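Some notes on the structure that comes next.
Derivation of every value follows stated rules applied to the coordinates shown; laboratory data play no part. Every value quoted in this text rests on a predicted model; they were computed, and no experiment measured them. Note that we place each Cβ from the backbone using ideal geometry, even for glycine, and neighbour counts take in every protein chain shown.
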Amino acid sequence: MEKVKPILYIVVPCFNEEEALPQSHVQLSKLVDGMVERGCVAQASKLLYVDDGSRDGTWEIIEKLSEESSLVAGVKLACNSGHQNALMAGLAAAVEHCDIAVSIDADLQDDINVIPQMVERYKDGCDIVFGVRKERKSDTWFKRTTANLFYGLMKRLGVSTIENHADYRLMSRRAMLALLDYKERNLFIRGIVTKLGYKTDCVYYDRSARIAGESKYPLRKMLNFAIDGITSFSVKPVRLVFMMGVLFLIIALLMLIYVLTAYFMGRSVSGWPSLFLSVWLVGAFVLIGLGVIGEYVGKIYTEVKNRPRYNVDKKVGL
Ligand code: UDP
Ligand code: MG
């Protein structure tokens, strides 16, 4: 592994990005050329565009760019597989050829000028460098509030994520290999990378508006992503069902006292005590039953995901 002049691949997932890609490419190629000239990264560094089954002319643009310049490589996915999967495909393709990879969105909302800083951090010994945005001013009010709510919830559910970090990050080769060992289908990469355990650092930037075209993350995709994020990392929602069952049982017991006093004081209609109590009791048992089953389903879920159990950082004397 070359540390002084690493081979850098910039991995860019693209879904229907024919409007943004040409402009993004100009900026990215200028950046990489500059870094090569300054001797910051190796000559063999590349831009790797992953076409995530676009229905517009994105792939044609990528093909043309790669014919024109040896700086460009492309991967085309057979159909739209989603941002996270496209990113994994890009990293899997890159890992054989590079020492470090930076993943970034095609719309360049993230400031590419901090990439040299990321590389510096790598040279200082970090395996993962997160790009963190300073503020979310450029996002719409809706996106900002929903994102804040979501990350707040994730935190309370015990999923570790880096606040205000999306999928703009640098990874060393061994970090990529470790990430690729996560074989699960419900991907939430930004939750996994914090689990790898390698040395990490952050660089900060201002997020700008999309360069061209419109967001490829409509509300439907955003919701799916959020649900994946929660359910792939936490079984707390299941525990919540169980706890609700316990709570209902407690209420049922309180009701028992209430109903019995009402009954003995002659303040109840015939049939009411039994009916009233059974509503709470049955509700409690159903919820507890669901919670117990859920707990097992949760265990099966983590087993079938077949995640790696550990990730070795260093070895000596071998
Ligand atoms: N993207 C993708 N597949 C999809 C949706 C999006 O590869 O199914 C890519 C898209 O081309 C962009 C990145 O994911 O490079 C982020 O999408 P976008 O910028 O539209 O999301 P937003 O910034 O609005 O959250
Ligand atoms: Mg964007």
- Query: Pick from ALA284, ALA178, ALA89: which residue has the top mean-square fluctuation in a GNM of the chain where Cα pairs under 10 Å get a spring?
  - Reply: ALA284
- Task: Using a Förster distance of 45 angstrom, determine the FRET efficiency expected from the C-beta separation of LYS3 and LEU290, and round it to 0.05.
- Result: 0.25
- Would you please classify the overall shape of region 1-40 from the alpha carbon gyration tensor, given that a ≥ b ≥ c denote the square roots of the eigenvalues, rounded means a/c under 1.5, and beyond that prolate means a/b larger than b/c while oblate covers the rest? oblate
- Message: Taking the 0 to 90 degree range and rounding to the nearest ten, how far is the long axis of helix 21-37 tilted relative to the main principal axis of the chain, both from C-alpha atoms?
- Response: 60
- Degrees, to the nearest 10: 83-94 long Cα axis against longest axis of the chain: 40
- Message: Tell me which of LEU28, VAL241, LEU180 sits at the most positive position along the dipole axis of the chain, charges placed on C-beta atoms (Lys, Arg +1; Asp, Glu -1).
- Response: VAL241
- Efficiency of FRET from Cβ geometry, HIS97 and LYS64, R₀ 22 Å, rounded to 0.05: 0.55
- Note on the structure: Any GluC sites (Glu not before Pro) in region 63-96 that lie in a DSSP loop and have at most 12 other Cβ atoms within 10 Å would be GLU96
- Straight-line reach check, LYS195, cutoff 21 Å on alpha carbons, 8 or more apart in-chain or any other chain, hits among lysines -> LYS155, LYS183, LYS236, LYS299, LYS305, LYS314, LYS315
- DSSP loop trypsin sites (Lys or Arg not before Pro) with at most 12 other Cβ within 10 Å excluded, longest remaining stretch of the chain: 186-266
- Cα gyration tensor, region 168-231 - rounded (a/c under 1.5), prolate or oblate: oblate
- Would you mind counting up the charge near ARG239? Only other residues with Cβ under 14 Å from its Cβ, with Lys and Arg at +1 and Asp and Glu at -1. +2
- Item | Environment charge at SER208 (Cβ cut-off 9 Å; Lys +1, Arg +1, Asp -1, Glu -1) | -1
- What is the dipole size for the chain, taken about its Cα centre, with +1 at each Lys and Arg Cβ and -1 at each Asp and Glu Cβ, in debye to the nearest 20? 1440
- Message: What does the charge count around ILE227 come to, taking other residues whose C-beta lies under 14 Å from its C-beta (Lys +1, Arg +1, Asp -1, Glu -1)?
- Response: +3
